[in-house]
Each structure stands twice: as C-alpha cells, then as structure tokens.
Amino acid sequence: LLTSEKREVMAVLAGHIAVAVENCQLLEDKVKLERELAERERLASLGQMAATVAHEVKNPLSAIKSITQVMREDDAVSREYARDLDLISGEVDRLSRSVSQLLSFSRPAAVAAAPASLSEIVESVLTLTRVEAEPRLVRVSVDLKSNPLFDGEKASALKEVLLNLTLNAIQAITLEGAVKIESEPDDDKLRIYITDTGEGIPTDKQEKIFEPFFTTKQRGTGLGLAIVARRIRELGGDVAIVSPNGDNRGTKFVVTLPL
C-alpha cells in the first residue's frame with residue numbers, strides 16, 4: 001500500500017512521464033515528416049531531370065523513326081538493308097519505351113481517362129504485353145473474383161500499375177513460364193495479385209526495387225517499379241512482395257487498394 005504522500009509523488013511523476021512520452025512521439029512524427037519532405041524533394045528533382053532528358057531524346061528518335069520508314073519504302077534500299085532497318089526500328093522502339101517511362105515518372109499523377117472496370121483494365125494490359133509474352137512462351141492467365149469500376153483518374157493510374165507489374169513479371173521469365181493476375185475483395189479493400197514463375201528477387205534487393213533508377217536488368221531504366229510505388233501511393237494503397245513464392249522460385253506482388 002502507498003501512503004498519500006507517495007501517491008502524490010507518483011501522480012506528479014506520472015504527469016512528467018506522460019509529457020515526456022508525448023514529446024518523444026511529436027519528435028518522431030517531426031523526423032518522419034522531414035524525411036518524407038526530403039524524399040519528395042529528391043523525387044521532384046529526379047522528375048524534372050527525367051522530363052528534360054525525355055524531351056531532348058524524343059525528338060531525335062521521331063526523326064530516326066521517320067527516316068527508317070522512308071528508307072523502307074525504297075525497294076532497293078529495303079532489300080539490301082532490311083536487317084539493319086529492322087534493327088534500327090527495334091532499338092528506336094526500345095528507346096521510345098524508355099522515354100515514355102521517364103515521362104511517366106516525371107508526371108505527378110496519371111492522366112485521366114474514361115471510367116473502366118478492373119476486367120477492362122486487365123484486358124488492355126494483356127493486349128499491350130502480348131508482344132513481350134509470346135516470344136518468351138509465357139502464359140498469362142486471369143482470375144478476377146472482384147471486378148469493381150474505377151473512375152477515369154484511378155483507372156488510368158491502376159492501368160499503369162498493372163502494366164508495369166505484368167511486364168516486370170513476364171521479363172523475369174527467360175523462356176517458358178506463367179504469369180497470373182488475380183483479384184479478390186477484402187472488406188472495404190481490393191487485393192490484386194501478380195504472380196510469376198521466374199527466378200525470384202534476392203532478399204537483399206527487395207527493399208531497393210521501388211527506388212528510382214535501381215534495376216537488376218542489363219537493359220532497363222529502373223523506373224517501372226518506382227512508377228508503380230508512386231501511383232499506388234496516389235491511389236491510397238500499398239504494395240508488398242512475396243519472393244520466393246513457393247518452390248524457392250517466383251515472385252508475387254500484392255497490391256492493396258481502398259474501394
């Protein structure tokens with residue numbers, strides 16, 4: 001039992017401890033906010049640089065593409081240099097995709113489009129990724145247990161997310177494999193899973209893969225997953241990685257969005 005004097009001392013100490021704990025929490029929040037602001041400033045600088053680089057590269061690429069197309073129309077030139085023209089055209093297309101990623105990363109938000117359901121967004125993504133999947137003999141399957149409708153801005157952002165994640169999954173498979181896109185409701189949230197049978201992501205690299213310009217590919221801008229992280233934040237959701245995903249292989253990205 002405590003005497004009245006000891007109880008009074010304990011009450012005073014408890015008040016001081018409460019103030020100290022509250023100050024610690026405020027300081028922690030302040031540090032967290034400062035870090036977020038510093039990260040946003042860094043990303044803003046990267047975005048401006050990316051936009052400048054993309055603008056400078058896009059015009060010459062358009063000129064090269066146009067010249068290549070004109071040369072193809074000349075039968076003599078086309079017969080003699082068909083292989084070289086195909087190579088130039090393929091490299092220009094690859095650089096154009098990289099430029100498009102740079103421009104997408106430099107934009108603060110996805111461009112608004114027409115409202116679309118999840119199934120319509122996924123169908124569009126399948127059409128755009130078919131050219132990557134077919135040469136690698138990758139089978140892409142879909143199992144949607146939830147098919148909500150998204151307004152224009154959210155539909156555009158989600159399409160960009162799924163496109164980058166699906167391309168990433170396909171490119172993780174060297175030859176023959178499977179990619180699966182699934183969805184399911186979870187109370188007031190939507191969960192989307194993109195699973196591949198590739199080699200998986202090493203544990204020491206999993207924390208870095210959403211950082212801008214970080215890539216494990218020989219050819220790549222390192223912006224695909226950075227764009228994914230940004231768009232998901234704009235949608236108020238989050239993304240998680242499970243790798244390896246069974247049999248010590250493969251990767252599963254879990255996207256959680258509020259409905």
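The values are calculated or read from the model by the stated rules, or taken from the named source; none is laboratory data. Not measured: the values here are computed from a predicted model. Because the Cβ atoms are built from the backbone with ideal geometry, glycine has one as well, and the counts that use them run over all protein chains shown. The accessibility values were calculated without ligands, DNA or RNA, using every heavy atom of the protein model including side chains. Shrake-Rupley method; radii C 1.70, N 1.55, O 1.52, S 1.80 Å.
Can you name the number of the only condition in (1) within 21 Å of the chain's Cα centre (by Cα); (2) in a helix (DSSP H, G or I) that residue 58 fails?
(1)
For region 242-254, state whether one or more residues are open to solvent by 40 Å² or more (accessible area, probe 1.4 Å) and at pLDDT 85 or above.
Within region 242-254, one or more residues are open to solvent by 40 Å² or more (accessible area, probe 1.4 Å) and at pLDDT 85 or above.
So which residues in region 169-184 are modelled with pLDDT of 90 or more and either in contact with a Pro (Cβ under 9 Å, 6 or more places away or on another chain) or among the polar types (S, T, N, Q) (or both), if there are any at all?
183
Could you give me the residue pairs with C-beta distances under 9 Å whose first residue belongs to region 113-136 and is on the phi < 0 side of the Ramachandran plot, whose second residue is surrounded by 14 or more Cβ atoms within 10 Å (Cβ to Cβ) and among the aromatic types (Phe, Trp, Tyr) wherever it lies, and which are 6+ apart or on separate chains?
Close Cβ pairs satisfying both conditions: 115/150; 116/150; 117/150; 118/150; 121/150.
Residues that are open to solvent by 40 Å² or more (accessible area, probe 1.4 Å) and over 30 Å from residue 39 (Cβ atoms): list the strands (runs of 3 or more DSSP E) wholly contained in region 122-239 that include at least 1 such residues. First the steps, then the outcome.
Details: elements: 138-144, 177-186, 189-196.
Correct list: 138-144, 177-186.
Taking region 103-121 as the search range and keeping residues that are open to solvent by 20 Å² or more (accessible area, probe 1.4 Å) and at pLDDT 90 or above, which one is farthest from residue 194 (Cα to Cα)?
Start the filter on region 103-121 by keeping residues that are open to solvent by 20 Å² or more (accessible area, probe 1.4 Å), which leaves 103, 106-109, 111-115, 119-120.
Imposing the further condition that a residue be at pLDDT 90 or above reduces the set to 119-120.
Numbers: 119: 14, 120: 16 Å.
That would be 120.
Between 50, 11, 44, which is open to solvent by less than 90 Å² (accessible area, probe 1.4 Å), in a helix (DSSP H, G or I) and farther than 22 Å from residue 233 by Cα? If you could, list the steps in order and put the result at the bottom.
On the way: 50 fails: farther than 22 Å from residue 233 by Cα; 44 fails: farther than 22 Å from residue 233 by Cα.
None of the others qualify; the one that does is 11.
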